[in-house]
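The values are calculated or read from the model by the stated rules, or taken from the named source; none is laboratory data. Just so you know, these numbers come straight off a predicted model, no measurement behind them. Cβ: placed from backbone, ideal geometry, glycine included. Neighbour counts: every protein chain shown. For the accessible areas, the whole protein counts, side chains as well, though only heavy atoms, and no ligand, DNA or RNA atoms are used. Shrake-Rupley method; radii C 1.70, N 1.55, O 1.52, S 1.80 Å.
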Amino acid sequence: MQHSTTLTKTACISSLIIGVMSAAFAFITKTPANAVVLGAAAIVLGFASLYAGRKNIQDMQLATAGIFMAVVGCLVGLWQIYS
């Protein structure tokens, strides 16, 4: 196992936080298009941090959780648009 740098750890934790915020925003917003855009941006950030943290399993878990939550936010926004 390789140790992660502070920048990598910060990127992966921010991916998780932004993913959770995008999912929460999708449930409370009145404009679901904004939820989809925010979720897509969080997915891109999540994949960038996943690539950066690919050498440490803990960083990869944080980034993957952020991606999962961002996908939930996108799906909720899309569901609100099309229902």
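Kirkwood hydrodynamic radius, the chain, all distinct C-alpha pairs: what's the number in Å? List each step's numbers first, then the result.
Working: mean 1/r = 0.0806 Å⁻¹.
Computed over the chain, the radius equals 12.4 Å.
For segment 70-83, just list the computed ³J(HN,Hα) in residue order, Karplus coefficients 6.51, -1.76 and 1.60, θ = phi - 60°, integers in Hz, with x standing in for Gly and Pro.
Rounded to whole hertz, the list is 5, 5, 4, x, 5, 5, 5, x, 5, 5, 5, 5, 9, 10.
What distance in nm separates the simple spin-label points at residue 17 and residue 79, each placed 7 Å from Cα in the Cβ direction?
So the two model labels end up 2.7 nm from each other.
As a test question: what accessible area, to the nearest 10 Å², does residue 38 have when a 1.4 Å probe is rolled over all protein chains in place?
Its heavy atoms expose roughly 70 Å² to the probe.
So, counting K/R as plus one and D/E as minus one, what does the shell of residues with Cβ under 14 Å around residue 47 add up to?
Here the count lands on 0.
If you roll a 1.4 angstrom probe over the protein chains with everything in place, what fraction of the accessible area of segment 2-82 belongs to carbon and sulfur, to the nearest %? Walk me through the numbers before you get to the answer.
Values: 3710 of 4870 Å².
Answer for segment 2-82: carbon and sulfur cover 76 percent of the accessible area.
Summing +1 for each Lys or Arg and -1 for each Asp or Glu, what net charge is found among the other residues whose Cβ lies under 13 Å from the Cβ of residue 60? Provide the component values of the computation, followed by the final result.
On the way: positive: 9, 54, 55; negative: 59.
Summing Lys and Arg as +1 and Asp and Glu as -1 gives +2.
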